[in-house]
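Please read the structure below before turning to the comments.
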Amino acid sequence: MVPMITLFIAMFAVSILIMIQVTTSAEFFVVDTMLLYLCMELGFTLIYTILVPSRLLVMCCQMKQAVAQYNSSAYDIVVLMLIESATLYSVICVILIVSIVSDCDGLSNLFYLSITNIHVQVSRQRLCL
């Protein structure tokens, strides 16, 4: 519990530092702490992906031992969803880390612009409802 809270607080502090650097800098990709933040985010995602499904599977095994006819399909589906979403997020994060390390601003721009486009479309849909 303590390492996860520590990592979360560190990510929060680094994100504030990034916001300060972005507001004082002319270019977004000059920010050196973005690489640190992405590496911390990747580590946080991987740790979370390992801890939560393992806890769910332990609970599932305990329920099967306690109740002989227990159906564990709900636990299995939740574990699969967590692993699939974390895998996709981790792959995107690794691509962004590689693009920042290799100074490939075009690839980073492509990701950030697509994320912004998705956020704008979701905001518009919520306004229409």
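In sequence order, segment 92-102 has phi-based couplings of 5, 5, 5, 4, 5, 5, 5, 5, 6, 5, 8 Hz under the Karplus curve 6.51 cos²θ - 1.76 cosθ + 1.60, θ = phi - 60°, and Gly or Pro positions carry x. Solvent-accessible surface (1.4 Å probe) assigned to Y48 amounts to roughly 100 Å².
The values are calculated or read from the model by the stated rules, or taken from the named source; none is laboratory data. Being a predicted model, the structure only gives us computed values, none of them experimental. Side chains are part of the model used for accessible areas, which takes the heavy atoms of the whole protein and leaves out ligands, DNA and RNA. Shrake-Rupley method; radii C 1.70, N 1.55, O 1.52, S 1.80 Å.
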